[in-house]
Amino acid sequence: AVVSTQSTGDTTLTTRGALLPGAPGKRKEIYKYDAPFTLYAMSWSNRPDRKYRLALGSFIEEYSNKVQVIQLTDEENGEFKVKGSFDHPYPTTKILWIPDTKGVCPDLLATSGD
């Protein structure tokens, strides 16, 4: 399977699975997602109870950027759904989730921009 990023920065997510040699039952997967804007920053959440969740930051050369949170809802078809979004005045130069590997803290998302 091949991952492609279009020149506009949009991405698409679909699942293609293949068994990894030497690792019984483990699959190598590729997901694609078509973002409605050019991507500038992104961050994977590491909570065990919310797998495949990603925060995406836009790059729009105006005062109207966005941060979008998406999550894989259908592993069979590789379908991501938007779980939330908010306005961000400048392009996000960095996005970080709270480092919560046990899933006990409330969700926190930090962003930075110029």
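Total residues in the stretch 35-52 satisfying the condition of being under 12 Å from the mean Cα position of the chain (by Cα), farther than 17 Å from LEU96 by Cβ and either modelled with pLDDT under 90 or part of a strand (DSSP E or B) (or both): the figure is 2.
Under the condition of being touching a residue at least 40 places away in the same chain (Cβ under 8 Å) and of a type in the set (Gly, Ala, Ser), the residues counted in the stretch 98-113 number 2. Restricted to the stretch 65-81, and to residues that are surrounded by fewer than 13 Cβ atoms within 10 Å (Cβ to Cβ) and in contact with a strand residue (DSSP E or B) (Cβ under 7 Å, 6 or more places away or on another chain), which residue is farthest from ALA110 (Cα to Cα)? Looking at residues that are surrounded by fewer than 13 Cβ atoms within 10 Å (Cβ to Cβ) and in contact with a strand residue (DSSP E or B) (Cβ under 7 Å, 6 or more places away or on another chain), I get THR73.
Residues in the stretch 103-114 that are farther than 19 Å from THR38 by Cα and outside any strand (DSSP E or B) were compared, and the one that is least open to solvent (accessible area, probe 1.4 Å) is GLY103.
Looking at the stretch 53-82, which of its residues are assigned to a strand (DSSP E or B) and among the polar types (S, T, N, Q)? Of everything in the stretch 53-82, those that are assigned to a strand (DSSP E or B) and among the polar types (S, T, N, Q) turn out to be SER58, ASN65, GLN68, GLN71, THR73.
Please find, within the stretch 53-79, the residue that is farthest from the chain's Cα centre (by Cα) out of those that are closer than 12 Å to THR92 by Cα and of a type in the set (Ser, Thr, Tyr). Residue satisfying both the conditions and the ranking: TYR63. When ILE95 is tested against (1) without any contact (Cβ under 8 Å) to a residue 40 or more places away in the chain; (2) assigned to a strand (DSSP E or B); (3) not small (Gly, Ala, Ser), only condition (1) is not met. ASP100 meets all of the listed conditions (1) part of a loop (DSSP other than H, G, I, E, B); (2) touching a Leu at 6+ places or on another chain (Cβ under 9 Å); (3) open to solvent by 80 Å² or more (accessible area, probe 1.4 Å) but one, namely (3). Taken over the stretch 53-75, residues that are acidic (Asp, Glu) and at pLDDT 95 or above amount to 0.
The values are calculated or read from the model by the stated rules, or taken from the named source; none is laboratory data. Keep in mind that this is a model prediction, so the values were computed, not measured. All Cβ positions, glycine included, derive from the backbone under ideal geometry; neighbour counts span all protein chains shown. What goes into the accessible areas is simple: the full protein's heavy atoms, side chains included, and nothing from ligands, DNA or RNA. Shrake-Rupley method; radii C 1.70, N 1.55, O 1.52, S 1.80 Å.
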